[in-house]
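A short worksheet on the structure shown next.
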Amino acid sequence: MYKHDKVVPFEDSDKTKKEQVADMFNQIAHRYDFLNRFLSGGIDILWRRKALAQFKGMQVEHLLDVATGTADVALMAMKYMQPAPKKITGIDISEGMLDLGRQKIRVKGLQDHITLLTGDSEEINFPDGAFDAITVAFGVRNYANLEKGLQEMLRVLKPGGKLVILEFSKPKMPGVKSFYNLYTRLVAPQAGKWIAGNKKAYKYLNDSIEAFPEGRAFIEIMEQVGYTHCYTKMLSLGICTIYSGNKS
């Protein structure tokens, strides 16, 4: 059990972390995409593209997008991965987010290529070795059991398959760090309150980032679980980090 496993959106709730996270995303789903663009100044799109670029040169038959949310990564994979995956499956515990994702997929006419399912990262309802590649964008902080989630993703990867995780991290440069702390602790929660009517969701964002075992610490967890050829790539002065590992 890691420190971030115990961080929850609603401290006064008796529900499990998993249930609280699902409730939280159901509540903010209607404004989630807008807030992502607003709070990041649109740079989150570039982060996702850089994460997908880690699959360059791979022929991905079936991609799994864990914590798919409103299907941003799934849709971008179809657009930017060359060649595009033949099939993409996205799973998430929030029905509100999935409903919006399905609407976006229908608008793009990609129903035959992308399927969204209710699914839990700790109990992925697919057989061993079902996927060539797995993505998780801003989702592993929300796992109730980090190691179990990483183990499940490893189980459903084919031998030689690749996992790419995109997650927030804390910048180390003094000036950048001070501005970032002010932004995540004060600005983002207040914006969440004004725009989505939910300040707690964006306070949880900061709390979960603070508690997450980032950088080398996270790579060591991946290696302990069984991933090989693990590496990190810092983005935007350390505000975000790509983590990648393979199944041997």
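The values are calculated or read from the model by the stated rules, or taken from the named source; none is laboratory data. Keep in mind it's a predicted model, so treat the numbers as computed, not measured. Here the Cβ positions follow ideal geometry from the backbone for every residue, glycine too, while neighbour counts run over all protein chains shown.
Determine whether the range 106-121 contains at least one residue that is buried (at least 20 other Cβ atoms within 10 Å of the Cβ), in contact with a Phe, Trp or Tyr (Cβ under 7 Å, 6 or more places away or on another chain) and touching a residue at least 60 places away in the same chain (Cβ under 8 Å).
There is no residue in the range 106-121 that is buried (at least 20 other Cβ atoms within 10 Å of the Cβ), in contact with a Phe, Trp or Tyr (Cβ under 7 Å, 6 or more places away or on another chain) and touching a residue at least 60 places away in the same chain (Cβ under 8 Å).
Is it the case that ASP44 is assigned to a helix (DSSP H, G or I) and touching a Pro at 6+ places or on another chain (Cβ under 8 Å)? Quick ask: steps written out before the conclusion?
Values: assigned to a helix (DSSP H, G or I): yes; touching a Pro at 6+ places or on another chain (Cβ under 8 Å): no.
Here the answer is no, as ASP44 does not meet what is asked.
Consider GLY101 carefully, then state whether it is free of Cβ contacts under 8 Å to residues at least 60 places away in the same chain, over 25 Å from GLU147 (Cα atoms) and not in a strand (DSSP E or B). Full working, then the answer.
Details: free of Cβ contacts under 8 Å to residues at least 60 places away in the same chain: yes; over 25 Å from GLU147 (Cα atoms): yes; not in a strand (DSSP E or B): yes.
The answer is yes for GLY101.
What's the number of the condition GLN224 fails, among (1) at pLDDT 95 or above; (2) more than 30 Å from ASP128 (Cβ to Cβ)?
Failed condition: (2).
It is to be established whether one or more residues within the range 14-26 are in contact (Cβ under 8 Å) with a residue 12 or more places away in the chain, among the aliphatic types (A, V, I, L, M), farther than 30 Å from GLY160 by Cβ and assigned to a loop (DSSP other than H, G, I, E, B). Spell out how you get there, then give the answer.
Within the range 14-26, the subset in contact (Cβ under 8 Å) with a residue 12 or more places away in the chain is 16-18, 20-26.
Those left that are additionally among the aliphatic types (A, V, I, L, M): 21-22, 24.
From what is left, the residues that are farther than 30 Å from GLY160 by Cβ are 21-22, 24.
Next, from what is left, pick out any that are assigned to a loop (DSSP other than H, G, I, E, B): none.
No - not one qualifying residue is present in the range 14-26.
Output the residue which, of all residues in the range 52-98 that are hydroxyl-bearing (Ser, Thr, Tyr) and assigned to a loop (DSSP other than H, G, I, E, B), is farthest from TYR143 (Cα to Cα). Let's see the steps before the verdict.
Taking the range 52-98 first, the residues hydroxyl-bearing (Ser, Thr, Tyr) are 68, 70, 80, 89, 94.
Now restrict to residues that are assigned to a loop (DSSP other than H, G, I, E, B): 68, 70, 94.
Values: THR68: 13, THR70: 18, SER94: 13 Å.
So, considering only residues that are hydroxyl-bearing (Ser, Thr, Tyr) and assigned to a loop (DSSP other than H, G, I, E, B), the one farthest from TYR143 (Cα to Cα) is THR70.
Check off (1) in contact (Cβ under 8 Å) with a residue 40 or more places away in the chain; (2) surrounded by 18 or more Cβ atoms within 10 Å (Cβ to Cβ); (3) under 18 Å from GLU167 (Cβ atoms); (4) hydrophobic (A, V, I, L, M, F, W, C) for MET76 and give me the number that stays unchecked.
The single condition MET76 does not satisfy is (1).
Looking at (1) at pLDDT 95 or above; (2) not in a helix (DSSP H, G or I), which is the one condition that is false for LYS170?
All conditions pass for LYS170, except number (1).
One line per residue, one yes/no per condition, for (1) closer than 25 Å to ASP112 by Cβ; (2) among the acidic types (Asp, Glu); (3) in contact with a helix residue (DSSP H, G or I) (Cβ under 8 Å, 6 or more places away or on another chain):
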{"residue": "MET24", "(1), (2), (3)": "no, no, yes"}
{"residue": "GLN27", "(1), (2), (3)": "no, no, yes"}
{"residue": "ASP33", "(1), (2), (3)": "yes, yes, yes"}
{"residue": "ASP44", "(1), (2), (3)": "no, yes, yes"}
{"residue": "ARG48", "(1), (2), (3)": "yes, no, yes"}
{"residue": "PHE55", "(1), (2), (3)": "yes, no, no"}
{"residue": "GLN59", "(1), (2), (3)": "yes, no, no"}
{"residue": "ASP65", "(1), (2), (3)": "yes, yes, yes"}
{"residue": "ALA71", "(1), (2), (3)": "yes, no, yes"}
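Can you name the residue in the range 82-120 that is of a type in the set (Asp, Glu) and over 18 Å from TYR32 (Cβ atoms) and is also modelled with the lowest pLDDT among such residues?
So, considering only residues that are of a type in the set (Asp, Glu) and over 18 Å from TYR32 (Cβ atoms), the one modelled with the lowest pLDDT is ASP120.
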